[in-house]
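The values are calculated or read from the model by the stated rules, or taken from the named source; none is laboratory data. Keep in mind that what you see is a predicted model, and the values were worked out from it rather than measured. Here the Cβ is made from the backbone with ideal geometry for all residues, glycine too, and neighbour counts use every protein chain on show.
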Amino acid sequence: MDIRKLLIQQSQDYPQKKALIFQGQAITFSQIKEVSFKLSEYLLGLGISKGDKVAIYLSNCPEAVFSFLGGFSIGAVIVPLDFMLTEEEVVHFLNHSQAKVLITQPKKDLNLRSIKAKCPGLETIIVCKQRVEGFLFWDSVLESSQAQEPEIEINDNDVSSIFYTSGSTGHPKGVVLTYKHLSNPGRTIDYFLKVSEKDTFLCAGVPFSHIGGLGYILLMVQFGSGLVLMEKFQPLEFIKNINNHKVTIFCIVPAMYIAILSLKESDKFDLSSLRFAVVFGAPSSAVLLKRFNKICPKARLSNGWGMTETAAPNCMLEPGLDKIHSIGKFAPGMQAKIVDDSEKELGFNSQGELWVKGEAVMLEYYKEPELTKEVLTKDSWLKTGDIAYYDPEGLFYIVGRKKDMIKVAGEIVFPAEVEEKMQRYPKIKEAAVIGIADDLRGEVPKAFVVVNPGEEWDEQGLKEYLKKCLAHFKIPHYFEVVNELPKNKTGKIDKQALIETTA
């Protein structure tokens, strides 16, 4: 993907069209190209060349959009850093990635001078939103630059980005993607949903430091679509934005659907503009989507799957199919198979680990050859760590994570299956299941439950309900009612935090 050419094309085709809407303010495609190219020129003036690393540590804001597009336009390697990271984590990733430039904003407990001192390879820090003495200010950078088209040849095989998926002071996992990989999110979503310049997407707090967040920016420049950007997910503001800006497509995680469905005002807004509502992130999503469909009956529902390591998304359910618990089929250019513990390929309806192969699979984990060998086979199959199966129609279904399996006296329990059944119980708003040690059985399931407002907790009633749809060994042995479940940076339930509470 050549971001520079796409910016030029969209600014010519739709110069005054609202490309980006943030906090009620609209930015046109012409303005996006101008600001992005000003940043490109400034970076080139600093001596940044194709292949140099530029780190972006910003909240979801227009400056972040310009930073990605400006960096990509000169063939830089973008290192997106989650704005929730601590200073120590930021320092670690800056040094590990060998970033030369950091684009950031003031934040509590963030000492820029300390970061500069601890990162010897970091040459320049550009600060957005507010001046910080001793560092370049974003507004001044733009005022001193011209919006000239960068004359940089960018090839599909050039490295575009390093996405860190875990680790801080331990083993970081820097997923290396090329410029060709940047085409995958748009190509996949277009294959299943048929995107055009008439669409308006809504990005609600999905960090740009995750491939799912960056995908919104890429869709905007690839198809000339509009993008409504929310810095944080707020359920009421979310449906207001759909109503006010006639949003046609959004992709969110299950916890966000739960928050929207909890709103008393959800039926007071016009959501008829929605063409598609898509969920990524959990196999228990079918129940949530069906509930959401009641407040948005015109939207077609879809489920999907993908990883940072596969430039997500890669797999989606064709809208309209009555198998919403399926993640669907893989897009062209990707292969998938299910294997057992001996790496033997399995047939339909047999559960095993999902392996994928194709043009969307990452190059490697940055500076981690041994870790790369653990997940990438010699013939380029990626071991996803997801347990799945496919049916005779070729539709795939995620059962759970391999590492999340609970072994109860030798029997395998997947938390996702238990959570999906619990989610159907009318008194439950949200549920999460983990395994805890048990002297007799080795492990047993424990459930954390959030009860719907106004409902009384009825443990016995829930158990009786679960007996009708789950084998006895899958039913949680312990239940703990909580006010809310902890969430990670992408809005998914933080199972590790729950595990730590029981340690």
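Yes or no: segment 343-354 includes at least one residue that is under 26 Å from Leu321 (Cβ atoms), in contact (Cβ under 8 Å) with a residue 40 or more places away in the chain and either among the charged types (D, E, K, R) or crowded, with 18+ Cβ neighbours inside 10 Å (or both).
Yes, segment 343-354 contains a residue that is under 26 Å from Leu321 (Cβ atoms), in contact (Cβ under 8 Å) with a residue 40 or more places away in the chain and either among the charged types (D, E, K, R) or crowded, with 18+ Cβ neighbours inside 10 Å (or both).
Does Ile154 meet the test of being touching a residue at least 12 places away in the same chain (Cβ under 8 Å), surrounded by 18 or more Cβ atoms within 10 Å (Cβ to Cβ), assigned to a loop (DSSP other than H, G, I, E, B) and not aromatic (Phe, Trp, Tyr)?
Yes; evaluated as a whole, the condition is true for this residue.
Filter segment 383-412 down to residues that are under 19 Å from Thr502 (Cα atoms) and assigned to a strand (DSSP E or B) and give me whichever is modelled with the lowest pLDDT.
It comes out as Lys407.
The rows are residues; the columns are (1) at pLDDT 95 or above; (2) under 22 Å from the mean Cα position of the chain (by Cα); (3) surrounded by fewer than 19 Cβ atoms within 10 Å (Cβ to Cβ).
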site: Ser36; (1), (2), (3): yes, no, no
site: Ile48; (1), (2), (3): yes, no, no
site: Asn60; (1), (2), (3): yes, yes, no
site: Val65; (1), (2), (3): yes, yes, no
site: Ile74; (1), (2), (3): yes, no, no
site: Leu81; (1), (2), (3): yes, yes, no
site: Ala99; (1), (2), (3): yes, no, no
site: Asp109; (1), (2), (3): no, no, yes
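Select, from Lys129, Lys116, Lys50, Lys107, the only residue that is touching a strand residue (DSSP E or B) at 6+ places or on another chain (Cβ under 7 Å) and over 22 Å from Gln10 (Cβ atoms).
Lys116
Has segment 359-372 got at least one residue that is more than 20 Å from Glu417 (Cβ to Cβ) and among the polar types (S, T, N, Q)?
For segment 359-372, residues more than 20 Å from Glu417 (Cβ to Cβ) and among the polar types (S, T, N, Q): present.
For segment 19-32, does any single residue satisfy the condition of being in a strand (DSSP E or B), closer than 14 Å to Val141 by Cβ and of a type outside the set (Gly, Ala, Ser)?
Among the residues of segment 19-32, not one is in a strand (DSSP E or B), closer than 14 Å to Val141 by Cβ and of a type outside the set (Gly, Ala, Ser), which makes the answer no.
Criterion first (outside any loop (DSSP other than H, G, I, E, B), within 27 Å of Asp341 (Cα to Cα), among the charged types (D, E, K, R) and modelled with pLDDT of 85 or more) does Glu430 satisfy it?
When the stated conditions are applied, Glu430 does not pass them.
Checking the condition touching a Pro at 6+ places or on another chain (Cβ under 7 Å), more than 28 Å from Tyr57 (Cβ to Cβ) and either part of a helix (DSSP H, G or I) or among the basic types (Lys, Arg) (or both), which residue from Ile260, Ile242 passes?
That would be Ile260, the only listed residue that is touching a Pro at 6+ places or on another chain (Cβ under 7 Å), more than 28 Å from Tyr57 (Cβ to Cβ) and either part of a helix (DSSP H, G or I) or among the basic types (Lys, Arg) (or both).
Would you point out which residue out of Lys173, Lys129 is in contact (Cβ under 8 Å) with a residue 60 or more places away in the chain, of a type in the set (Lys, Arg) and over 23 Å from Leu44 (Cα atoms)?
Lys173
Quick one: count up the residues across segment 331-349 that are under 19 Å from Trp305 (Cα atoms) and part of a loop (DSSP other than H, G, I, E, B).
The total comes to 5.
Of everything in segment 468-491 that's β-branched (Val, Ile, Thr) and farther than 14 Å from Glu417 by Cα, which residue is surrounded by the fewest Cβ atoms within 10 Å (Cβ to Cβ)?
Val481
Among what's in segment 423-467 and is of a type outside the set (S, T, N, Q) and in contact (Cβ under 8 Å) with a residue 60 or more places away in the chain, pick the residue that is surrounded by the fewest Cβ atoms within 10 Å (Cβ to Cβ).
Pro453
Out of everything in segment 198-251 that is of a type in the set (D, E, K, R) and within 17 Å of the chain's Cα centre (by Cα), what residue ends up being nearest to Tyr14 (Cα to Cα)?
Among them, the one singled out is Glu231.
Is one or more of the residues making up segment 118-137 of a type in the set (Asp, Glu), surrounded by fewer than 17 Cβ atoms within 10 Å (Cβ to Cβ) and within 28 Å of Val206 (Cβ to Cβ)?
no
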